[in-house]
Every structure is written in C-alpha cells, then in structure tokens.
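Q: Mind looking over this structure? Questions follow.
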Amino acid sequence: MTGTPVSAAGRLVEINRCQICGSERASTRYEDPPYKVVRCDDCSMVWVSPRFDDEALREVYGEDYWQSDSPKTKGYSDYAKDADLYLKTFRRRHRLVRRYLPAGAARILDVGCAAGYFLRVMAEKGHDVRGVEVSDAIAARAVEHLGSDRVHIGTLDSVPDDKVGYGKGSFDLVTMWDVIEHVPDPKQLLLEAKEMLRPEGHLILETQNVDSRFATLLGLKWHHFKHQEHIFHFNPDTVRRVLDQAGFEVVKLTSSFGGKYVSFDFIAERAARLNRAASLALKPLTLLRGANVYLNFHDEMVVVARARA
C-alpha cells in the first residue's frame, strides 16, 4: 500500500487503493476530520484514510494505550485491571477453540497476545503455548505469567528463525483476537501466520463486522470506529476474500463467540460515545464495583479457517 503524507509532520498518509482487490474506486462512508471511513466500490472493503504511517502506528500502543484517558477513542481504560474478565471470556471461547485442536496437547501461537490472557487459559488446558506481541508495554505482563521463552516482543516476521519453540510449520493453531484491523498489511500477516502452521492447521481470528446491524444502526458512533488504531474494517465477504488470498479456506464464521465479559464501568464509559444523556443515565452502574455481564452485540466475527496445502 502506498500513501502520500498529508500532515505537516508526515505522520498521516492517504490510502487511495483497496488492499484486498487493488481498486482505486472508493466512496466516503463517514467523515470524522481529519479521518474518513472509505468503502471500496468494487469489493466492499472498508478502511480509514488518512492513517498513521507504519512507524507512528506502532507508537500508538504505548502505556497510554493500555491505560487510556479516553478509551472511547483510543485503547482501554485499564486493560490489566480487567484481567479476570478477559480470562473469563477466553474460557468461554475455549468451547469453540477446542473443536479445532488435535487430541492431546496442541501447539498454539497467539499473534497479538497482549497480556497473554488467551495463552494462560490454553496453558491451563495443558497446551504448549507461544505468543507474539508488538507492544512491550503490555507484553511484560505476558512474560510475567508465561516466561520470556514463550513470548516474543515484536512482530511475527521479526521472530528469529532459531528461536526455540517458534519453528515454522510447527503449530496446530494460530490465533489473532482483535488484531487484523490494527495492522497495515492484513494479508501479509495472514501469509506469515500460514507459514507457522502445520499442514491443514487452523487459524482462528476475531475482527469487527462493519456491516453488522449494530454497526449500521450506530453509524459513526459505533464503538469500533477508533481511527488511530482500527484502520481496516471487514465484513464477512472481505474477511473471506483476504483469507482466500492468503491460502486459507474458511470453515466457520460466526458472531456467537464474539461477545465479552465487561464491567459496568465499561458499559457506562461506552455509552458516553452515544450521547451525554445515555452516559448520565448509566452512570449509576459505576457504583456496582466488581459486577460484570456477558455482552454480545453480534458486531464481531470469529472466523475459523484451515490452511490449504
């Protein structure tokens, strides 16, 4: 993908070509200056333009991303504080994941593992786990629980060929939970993931569905329109297409496991994105410290794909 600097500092680049089909024909769906949410006229892929250049994009994921002063527009209010909720969510998702694992202990690689919550759940189940995380600010927590030998801090393509436990073609499952919408080249990342899998191994990814009913209803106020970090927005057709291009066959696409356990603080905080009245109406929920609920707006897709030979 090529782009032209549009900011004085050269930190933003215009994206004028669809990464999925290569078309230069696109229509603006929403404007949120300086950003636009653009849809490809030919394949329906949605992306943000302009976006940060690759170097600036990596800088987004510092300490202030994981403890953000404005989580409705960037990052999380306190990602580490909600560890129990993420663990609870991934234990629920294990019901799906286990269907695509071989008998016995499987080898699992989580790309974009953050604090390692999914890997901790899978290690509890007796599996051999490894993670990759580009943000050293949060990867330290994964290292704390899993060990430095099981967490590579950096990108997937920066894993050394001789790093023990990370051999290409050695994993039964590669996962990406809320990752591909963040990266500047989703197709390339999927190709790299395929190289890590054993023949006919599985990939499970989660990403938002920009054409879901909930996203369509909320429009620009949809909580996944966070333009600094979510630079691509997939729908079922475009996620299938990019997976096919990377050598995968989709075997299941569902919103059933796309929900999460969230605190009542989270609900009140996200309501603030809708309007002030909704925020004020839900503010008493913040008094219910420690309470949580499982929410699924069916605006996220969990996709299971098998690597083609």
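The values are calculated or read from the model by the stated rules, or taken from the named source; none is laboratory data. Keep in mind it's a predicted model, so treat the numbers as computed, not measured. Virtual Cβ from ideal backbone geometry, glycine too; neighbours counted across all protein chains shown.
Q: Return a yes/no flag: does region 4-21 have any residue that is at positive phi and under 20 Å from the mean Cα position of the chain (by Cα).
A: No - not one qualifying residue is present in region 4-21.
Q: Now for a different question. Scan region 113-126 and tell me whether some residue there is aliphatic (A, V, I, L, M), over 21 Å from GLN67 (Cβ atoms) and not in a helix (DSSP H, G or I).
A: no
Q: Is there a residue in region 135-146 that is under 30 Å from ASN235 (Cβ atoms) and in contact (Cβ under 8 Å) with a residue 60 or more places away in the chain?
A: yes
Q: Looking at region 216-228, I want the residues that are under 15 Å from VAL60 (Cβ atoms) and in the same structural domain as THR73 (by TED's automatic domain parsing) and have a partner that is of a type in the set (Phe, Trp, Tyr) and surrounded by 19 or more Cβ atoms within 10 Å (Cβ to Cβ) with Cβ atoms under 8 Å, at least 6 apart or on another chain. Which pairs are those?
A: Close Cβ pairs satisfying both conditions: GLN228/PHE52.
Q: Please go through region 202-217 and give me each residue that is surrounded by 21 or more Cβ atoms within 10 Å (Cβ to Cβ) and in a strand (DSSP E or B), ordered by number.
A: Passing the criteria: HIS202, LEU203, ILE204, LEU205, THR207, GLN208, ASN209.
Q: For region 53-77, how many residues meet the condition of being surrounded by 15 or more Cβ atoms within 10 Å (Cβ to Cβ), among the acidic types (Asp, Glu) and within 30 Å of ALA268 (Cβ to Cβ)?
A: So the count comes out to 0.
Q: A further question follows. List pairs: first in region 297-309 and within 28 Å of ALA215 (Cβ to Cβ), second modelled with pLDDT under 95, Cβ under 8 Å, 6+ apart or cross-chain?
A: ARG306/GLU200
Q: Please work out which one of (1) closer than 30 Å to VAL129 by Cα; (2) surrounded by fewer than 17 Cβ atoms within 10 Å (Cβ to Cβ) is the condition PHE90 fails and give its number.
A: PHE90 satisfies every listed condition except (2).
Q: May I pose another question? If you go through region 183-201 one residue at a time, how many are surrounded by 21 or more Cβ atoms within 10 Å (Cβ to Cβ) and not in a helix (DSSP H, G or I)?
A: Total satisfying the criteria: 3.
Q: Another question about this same structure. Exactly one condition in (1) more than 25 Å from ILE231 (Cβ to Cβ); (2) in a strand (DSSP E or B); (3) without any contact (Cβ under 8 Å) to a residue 24 or more places away in the chain is not met by ALA103; state its number.
A: Of the numbered conditions (1) more than 25 Å from ILE231 (Cβ to Cβ); (2) in a strand (DSSP E or B); (3) without any contact (Cβ under 8 Å) to a residue 24 or more places away in the chain, the odd one out for ALA103 is (2).
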